[in-house]
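Accompanying notes for the structure given below.
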Amino acid sequence: MALLELRDVHAGYGSGPDILTGITLDVDEGATTCVIGPNGAGKSTMLKAIVGLVRVRSGEVRLDGQRLNDLRPDQILDRGVCFVPTDRSLFPEMSVRENLVMAGYSIDDKALLGSRIDEVLEMFPVLAERRSERARTLSGGQQQMATLARAWIVRPRVLMVDEPSMGLAPQVTEQVFDVIRGFRETGMTVLLVEQNARKGLECSQWGCVLDLGAKRFDGPADSILANPEIHELYLGRQANGNGSASDG
Ligand SMILES: Nc1ncnc2c1ncn2[C@@H]1O[C@H](COP(=O)(O)OP(=O)(O)OP(=O)(O)O)[C@@H](O)[C@H]1O
Ligand SMILES: [Mg+2]
């Protein structure tokens, strides 16, 4: 059984039409799964439906076989499903360290929280250097690192990250993906949405292509990267759009 399961999930906003039109997906424990697809495909909507920010109209989302659909977003977070939206959502006027402390508000054992904060400051030297500075003074890449560091403090069962490379220079993007690879090496389950499809798939074991609110394909990430049809439809343009090497 997969850790996180989506079964024929339909979801949409308000009284509008279904945006997700029946998505079935297994997210395996300890693996990184990358969701790719064109703008407006429903990738962010899918993550929001999993964490209860968008209502699931029919179908089921399950964690460890237990239904999440009817829970509130805070209850889903308590179950260990952590969603990092694209906007990075730090507290801009708080220091870097205060942002890390806030991430661990639900950890009652303060000694444990302290040791996890020490640990992330060791993992992210750039955050250690700037720990006393306000979060708003960080560069985009540093803010993304701080966001991932916040998630690491919570040790979610499933970490869902929406377009972590958004707006970042290629070199910084590489560092962000290295962090995500590092998380996976510790056994964390990661569900990643990436516009930078090639890079996202390269740091994942499983890939899923969404288009027009439906799953078009899923399979091992390397087989998606090697599939000429998917390449043509979903990888070529985006790779070029991100300024990386041309696909010819
Ligand atoms: N708050 C909202 N209210 C109504 N419709 C929305 C809302 N957010 C997104 N949508 C619609 O849902 C569809 C899917 O959007 P979504 O943001 O999930 O796509 P995406 O795959 O994440 O795209 P992108 O690559 O641009 O981030 C789009 O048609 C969008 O207009
Ligand atoms: Mg999106």
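The values are calculated or read from the model by the stated rules, or taken from the named source; none is laboratory data. Quantities reported herein were computed from a predicted structural model and do not represent experimental measurements. When we count neighbours, we look across all protein chains shown, and the Cβ atoms used for this are built from the backbone with ideal geometry, even at glycine. Surface accessibility is based on the protein's heavy atoms, side chains included, excluding ligands, DNA and RNA. Shrake-Rupley method; radii C 1.70, N 1.55, O 1.52, S 1.80 Å.
Inter-part distance, the range 19-82 to the range 180-205, computed on C-alpha centroids, equals 17 Å. Counting heavy atoms of the protein chains only and a 1.4 Å probe, report the per residue accessible area for the range 123-240 as a whole number of Å². Normalised by residue count, the accessible surface of the range 123-240 is 42 Å². Site pair D222 and V126 shows an inter-label distance of 3.0 nm when each label is modelled 7 Å from Cα along Cα→Cβ.
When the residues E60, E5 are ordered by accessible surface, computed with a 1.4 Å probe over the protein chains alone, the sequence from largest down reads E60, E5. When only alpha carbons of the range 120-248 are considered, Rg and Dmax amount to 15.8, 49 Å. Given R0 = 35 Å, the distance between the Cβ atoms of E229 and D87 translates into a calculated FRET efficiency of 0.55.
Between the listed residues Q144, V154, P92, the Cα displaced farthest toward the positive end of the dipole of the chain, a dipole computed from Cβ unit charges relative to the Cα centre, is found at P92. Net charge dipole, the chain: roughly 540 debye, given to the nearest 20, about the Cα centre with Cβ charges of +1 for Lys and Arg and -1 for Asp and Glu. Given in Å, the Rg to one decimal and the Dmax to the nearest whole number for the Cα atoms of the chain are 17.8, 55. Note on the range 20-106: Rg/Rh from Cα positions, Kirkwood definition for Rh, rounded to two decimals, is 1.00. Length gained on full extension, A214 to M1, computed as 0.36 nm times the residue gap minus the Cα-Cα distance: 74.5 nm. Candidates M188, Q205, Y234 compared by Cα position along the dipole of the range 127-248: farthest toward the positive end lies M188, with charges placed on Cβ. Over the chain, DSSP H runs of length four or greater, each weighted -39,500 (n - 2.57), average out per residue to a 222 nm ellipticity of -10000 deg cm²/dmol. Take each peptide in 72-78, 156-162, count the other Cβ atoms within 10 Å of every residue, and average; sorted highest first, the result is 156-162, 72-78. Close amide H pairs (under 5 Å, H built 1.01 Å from N) link L68 with V61, R62, L63, residues at least 5 positions away or on another chain.
Derived scalar couplings between HN and Hα for the range 226-234 equal 8, 7, x, 5, 5, 4, 4, 7, 10 Hz in order, rounded to whole Hz, by the Karplus curve 6.51 cos²θ - 1.76 cosθ + 1.60 (θ = phi - 60°), x for Gly and Pro.
Backbone phi angles across the range 207-215, fed through the Karplus curve with coefficients 6.51, -1.76 and 1.60 (θ = phi - 60°), yield HN-Hα couplings of x, 9, 9, 9, 8, 6, x, 10, 7 Hz in residue order; Gly and Pro are listed as x.
Atom-type composition of the exposed protein surface of the chain places 50 percent of the accessible area on carbon and sulfur (1.4 angstrom probe). Computed over the range 78-173, the Cα gyration tensor eigenvalues convert (square root of 5λ each) into semi-axes of 20, 17, 11 Å, ordered from largest to smallest.
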